[in-house]
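Report on one structure; see the data block that follows.
The values are calculated or read from the model by the stated rules, or taken from the named source; none is laboratory data. Only a predicted model underlies this, so the values are computations on that prediction, with no experimental measurement involved. Cβ: placed from backbone, ideal geometry, glycine included. Neighbour counts: every protein chain shown. Only protein heavy atoms, including side chains, enter the accessible area calculation; ligands, DNA and RNA are left aside. Shrake-Rupley method; radii C 1.70, N 1.55, O 1.52, S 1.80 Å.
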Amino acid sequence: MSLIDRNGPQNRGAGVEFRRVSKTYGVDGRKPVDAPAAVHDLTLSVMPGEICVLVGPSGCGKTTTLKMVNRLVEPTSGHVLVDGLDVVAVDAVALRRRIGYVIQQIGLFPHETVAENVATVPRLLEWPRDRIRRRVDELLTLVGLDPDRHRDRYPSQLSGGERQRVGVARALAAEPPLMLMDEPFGAVDPISRERLQDEFLRIQRQIGMTVLFVTHDIDEAIKVGDRVAVMEHGGRLAQYSSPDELLMRPASDYVARFVGGDRALKRLTLIRVDALPLVAAETAPPGAPVFGEGTTARDALSALLASGASAGAVVGESGQLRGLLTRDAVAAVLRAEGATRPQDAYATSGAAADARASER
C-alpha cells in the first residue's frame, strides 16, 4: 500500500529511503558548472516507525534534505522513496496532504481559531464535519491542551509552547504515517523545549509514525533519535548510526568534534536508572535523592552531586523502594570507554537492559 493510498489510524509509519540523492541550486533553473551541492550523494534508509534526526551545522543541507521528501525542493539527481514509491511519481499536492510538516516558525493562520488551524488538512480532504470536530478535540487532548479552553482561541492568545503544540496537532490531523519536523522546538525557552520533547516522544510512541527531524542541537538529536544522521558542509553524510554508536564510535574527527568532548556524559542520557545495578535496601538513607525508574543516569548523577549523597533511592510507580543507586554504579558507565554499548559496562551484574529500545 502506497503513502497516498493509506487512510485511517490503523496504518503505522512509512519507510523512507534516499538513493544517491543530490541537490545543486542553479541560477534561473540552470546548474552552474562550479556550483557547490546543497546535498551530495545522500544514501540512507529510515525504517517504519523510526525517528531519524538530521543534525549538523547551518548550511549543511538538513532542511533541503527534509524538503525533498515532500517535494518543496526537487532533487537534482537520485531518488527519494516513501513506502517504496518515488515521490516524483506522486502528485505533489496529494503527497503533502499525507505527510505531516512542522516548522520552527509554526505557521499558524492568525485569522483562524485553534480548531480551524488544526482542521486545515481534514477540510481539504473533505472530511465530514462531525469527524473533523472529533479529531480536533482528540488531537488537542493528545498534545496536552484542554479542548474546551483552547479550541476557540486565536494564535495571538497562546503562549509560544501552546502555539507549537497546536502546530504539532495540525500536522497530525490527517493521521499521516510520516512526519517532517524542521527545528520544531528551537524557538521556545529551554524548560518548554524539554517538556515539548517529552510530549513529542510520548505521542510518537503512541502513534508509531515515522519522523524525520531536523536540529542543530546534538543533545536534542541524541534524546529524540532512534538513528542520527550527522551532516557536514557540502551536504555530505558524515555518519548515520544509533545514538549509542555515535557517542561510542564517532566515524571521523569531524563527528567527534561535533558531538563534543563530553560524549561520556551524553551517553548517560541514554540509560535509565532501572537499567543500572541497584544495591538492595529496606529503607533509603536520610536526605537521599529519590529517582523514578525512568530517570536518566545523567539526571541521577547531577542530583547525587548536588546533594552530596553517595547513593539515591530508586522507586517504582507505586512508590516502593527498588534499591539504591550509587555514584560508583554511574561512574562504571563513564569508565567503560571500550564497551560496545553503554550498558555493557554493567552487563555482568545481570541488571543491564536496553531501556531506550524497550520504551519504543
request  = With the condition kept exactly as written, say whether any residue in segment 125-146 is aliphatic (A, V, I, L, M), open to solvent by 40 Å² or more (accessible area, probe 1.4 Å) and not in a helix (DSSP H, G or I).
outcome  = yes
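Out of V55, V69, which single residue is over 22 Å from A174 (Cβ atoms) and in contact (Cβ under 8 Å) with a residue 12 or more places away in the chain? So that I can check it myself, show each step before the final result.
Working: V69 fails: over 22 Å from A174 (Cβ atoms).
Selected residue: V55, the only one of V55, V69 that is over 22 Å from A174 (Cβ atoms) and in contact (Cβ under 8 Å) with a residue 12 or more places away in the chain.
Okay, residues lined up against (1) at pLDDT 85 or above; (2) farther than 30 Å from V230 by Cβ:
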position: L268; (1), (2): yes, no
position: L278; (1), (2): yes, yes
position: E293; (1), (2): yes, yes
position: R298; (1), (2): yes, no
position: E317; (1), (2): no, yes
position: D328; (1), (2): yes, yes
position: G338; (1), (2): no, no
position: R360; (1), (2): no, no
key: Lone unmet requirement of (1) among the small types (G, A, S); (2) open to solvent by 10 Å² or more (accessible area, probe 1.4 Å); (3) assigned to a helix (DSSP H, G or I) for G167   = (2)
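Pick out the one residue from L247, L201, L180 that is open to solvent by less than 10 Å² (accessible area, probe 1.4 Å) and assigned to a helix (DSSP H, G or I). Talk me through it step by step, then tell me what you get.
Values: L201 fails: open to solvent by less than 10 Å² (accessible area, probe 1.4 Å); L180 fails: assigned to a helix (DSSP H, G or I).
From the options L247, L201, L180, the qualifying one is L247.
Return a yes/no flag: does segment 295-303 have any residue that is open to solvent by less than 10 Å² (accessible area, probe 1.4 Å), free of Cβ contacts under 8 Å to residues at least 40 places away in the same chain, hydrophobic (A, V, I, L, M, F, W, C) and touching a strand residue (DSSP E or B) at 6+ places or on another chain (Cβ under 6 Å). Let's see the steps before the verdict.
First pass over segment 295-303, keeping only residues open to solvent by less than 10 Å² (accessible area, probe 1.4 Å): 297, 300.
Next cut, free of Cβ contacts under 8 Å to residues at least 40 places away in the same chain only: 297, 300.
The next check asks that each one be hydrophobic (A, V, I, L, M, F, W, C); those that pass are 297, 300.
Next, only the ones that are touching a strand residue (DSSP E or B) at 6+ places or on another chain (Cβ under 6 Å) stay: 300.
Scanning segment 295-303, I find at least one residue that is open to solvent by less than 10 Å² (accessible area, probe 1.4 Å), free of Cβ contacts under 8 Å to residues at least 40 places away in the same chain, hydrophobic (A, V, I, L, M, F, W, C) and touching a strand residue (DSSP E or B) at 6+ places or on another chain (Cβ under 6 Å), so the answer is yes.
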ask   = Within segment 212-220, is there a residue that is at pLDDT 90 or above and closer than 16 Å to G49 by Cα?
value = yes
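Go over the candidates G61, G84 one by one and state the one that is out of contact with any Phe, Trp or Tyr (no Cβ under 9 Å at 6 or more places or on another chain), small (G, A, S) and open to solvent by less than 20 Å² (accessible area, probe 1.4 Å).
So the residue among G61, G84 that is out of contact with any Phe, Trp or Tyr (no Cβ under 9 Å at 6 or more places or on another chain), small (G, A, S) and open to solvent by less than 20 Å² (accessible area, probe 1.4 Å) is G61.
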query = So which of A288, A303, A284 ends up being over 24 Å from S242 (Cβ atoms) and modelled with pLDDT under 90?
reply = A284
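Applying the selection to segment 147-160, what residues are touching a helix residue (DSSP H, G or I) at 6+ places or on another chain (Cβ under 6 Å) and either part of a loop (DSSP other than H, G, I, E, B) or of a type in the set (K, R) (or both)?
Of everything in segment 147-160, those that are touching a helix residue (DSSP H, G or I) at 6+ places or on another chain (Cβ under 6 Å) and either part of a loop (DSSP other than H, G, I, E, B) or of a type in the set (K, R) (or both) turn out to be R151, R153.
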